[in-house]
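The values are calculated or read from the model by the stated rules, or taken from the named source; none is laboratory data. The structure displayed is predicted, hence computed values, not measured ones. Cβ coordinates were reconstructed from backbone atoms using ideal geometry, including for glycine residues, and neighbour counts include every protein chain displayed.
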Amino acid sequence: MSDCQQPPIEIAGAGPAGLAAALAVSTAGRNACVYERRGEVGSRFHGDFQGLENWTTQMDVLDEISALGITLDFEHTPFYEVLGFDPDGVPHRFRSQKPLFYLVHRGSEVGSLDLALKRQAIAAGVELRFNKLVRHLPHGGVVTEGPHRADVIAAGYLFETDMADGAYAAISDLLAPKGYAYLLVHAGRGTLATCLFDDFHHEHQYLERTLEFFNDKLGVRMQNPRRFGGSGNFSLPQRAHKGNVLYAGEAAGFQDPLFGFGIRWALLSGSLAGKALATGQPERYQRDWRQRLHTFQQTAATNRWFYNRLGNRGYRGLMQRYQNDTDIREWLYRAYKPRLWKRTWYHLAANDRRPLLTSLENCDCTWCRCAKRP
Ligand SMILES: Cc1cc2nc3c(=O)[nH]c(=O)nc-3n(C[C@H](O)[C@H](O)[C@H](O)COP(=O)(O)OP(=O)(O)OC[C@H]3O[C@@H](n4cnc5c(N)ncnc54)[C@H](O)[C@@H]3O)c2cc1C
């Protein structure tokens, strides 16, 4: 029997997926109880800037989120341009007509996505229980506990600055093996990080090179720098449920395997899971997430398969080809658009010596990307 008000739907984890699930439950007229192992929402993050991607659909991500019943009362700033540096340090400007992404900040501070979702959940009557680690949901529910291991890690600095607003990226295996380094500046605050998909054990070295690189190119001015970091996992489950326990967000492995964007997929999958349980049709979740996310994730995984093989020469060629005259949002939209050949490739890549998407079921290694290396 649950220790929340009856009859609640229980949710483990108060990240975007868990809180979106709770809001969907509440909209469907049921009670929701969210357990969070930490003392506050967003405690996994540190006030860092993250991007809410706006390229996987023609529909604007804010419209999609609003349609889930989520109010846009968190800070979100549209960005239309990124200055990208290739492995030789040559800058390339990438622009889009519509917002490429919305800058949001994560953590427990005023204006963060996490705090806004918490406020909305409380207003909707959701019960939130902090400092409560949940290991099992014997009566069913939604598991939204975030990542279980690292397929990608980020390490960086947060700081205050007098630099002008801007979004910058650098693609080079010397700065971020098989990933990218980034610098985001907005309203006097900055986030600089390296995002690695390989060679995790040298994260410190890559971070210092990233700092040196951006300093050289842009003259990074950091006041009160603080280190931060985190990890993410992606996998493509056959099923995102075990009986009446539904898995959503990163706990299910739903995250873009190409670049590690997970917020949008967490909100979507959480909301789908909450709605399915609240309407008494848990089996509907399998159909719904597959319809919305499955082919996107397969396509993004295939993209990663190719990206893994590009190396510095390939990154350089790619950036030169698509700078300036291409609308980068449209280009990314096409790159992420599900296609039959990419799905077929995904199945071929699944048999690769070093599997693309590790399986949640068979892996208990936190650093599995490293463990498989010689
Ligand atoms: C450094 C970094 C930068 C990122 N940048 C971006 C970006 O720019 N754009 C983007 O889209 N995505 C980005 N991501 C990924 C994105 O943050 C995640 O995909 C997203 O937060 C996943 O949401 P979630 O709700 O599934 O999990 P989480 O946000 O991880 O939330 C899970 C919650 O569950 C709690 N919890 C865990 N275990 C339990 C338990 N047993 N019982 C109770 N509570 C539990 C945790 O404390 C946490 O609060 C980034 C990730 C990192 C680490």
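See the values below:
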| read-out | value |
| --- | --- |
| Residues within the stretch 13-31 that are within 17 Å of Tyr285 (Cα to Cα), among the small types (Gly, Ala, Ser) and surrounded by 24 or more Cβ atoms within 10 Å (Cβ to Cβ), tallied | 6 |
| Qualifying position, being surrounded by fewer than 21 Cβ atoms within 10 Å (Cβ to Cβ), within 28 Å of Val34 (Cβ to Cβ) and modelled with pLDDT of 95 or more, among Arg149, Arg119 | Arg119 |
| Candidates Phe254, Phe234, filtered to the one that is within 21 Å of Gly18 (Cβ to Cβ) and in contact with an Asp or Glu (Cβ under 6 Å, 6 or more places away or on another chain) | Phe234 |
| Count of the stretch 210-249 residues which are among the β-branched types (Val, Ile, Thr) and farther than 26 Å from Thr295 by Cβ | 2 |
| Search result, residues across the stretch 32-63 that are buried (at least 18 other Cβ atoms within 10 Å of the Cβ) and more than 11 Å from the ligand (Cβ to nearest atom) | Ala32, Cys33, Trp55 |
| Sole residue being modelled with pLDDT of 95 or more and under 16 Å from the mean Cα position of the chain (by Cα), chosen from Asp114, Asp73 | Asp114 |
| Residue within the stretch 6-24 that is at pLDDT below 95 and in a loop (DSSP other than H, G, I, E, B) present | yes |
| Count of the stretch 143-162 residues which are part of a loop (DSSP other than H, G, I, E, B), under 17 Å from Arg226 (Cα atoms) and in contact with a strand residue (DSSP E or B) (Cβ under 7 Å, 6 or more places away or on another chain) | 1 |
| Hits in the stretch 91-148 - residues which are without any contact (Cβ under 8 Å) to a residue 40 or more places away in the chain and either among the basic types (Lys, Arg) or under 30 Å from Arg329 (Cα atoms) (or both) | Val110, Gly111, Arg135 |
| Count of the stretch 216-241 residues which are within 15 Å of the ligand (Cβ to nearest atom), out of contact with any helix residue (DSSP H, G or I) (no Cβ under 7 Å at 6 or more places or on another chain) and assigned to a strand (DSSP E or B) | 6 |
| Odd one out for Ala276, checked against (1) small (Gly, Ala, Ser); (2) touching a Phe, Trp or Tyr at 6+ places or on another chain (Cβ under 8 Å); (3) within 16 Å of the ligand (Cβ to nearest atom) | (3) |
| Positions within the stretch 301-317 being touching a residue at least 24 places away in the same chain (Cβ under 8 Å) and surrounded by 15 or more Cβ atoms within 10 Å (Cβ to Cβ), in sequence order | Ala301, Thr302, Asn303, Arg304, Trp305, Tyr307, Asn308, Tyr315, Arg316 |
| Residue within the stretch 139-151 that is within 12 Å of the ligand (Cβ to nearest atom) and under 23 Å from Leu175 (Cα atoms) present | yes |
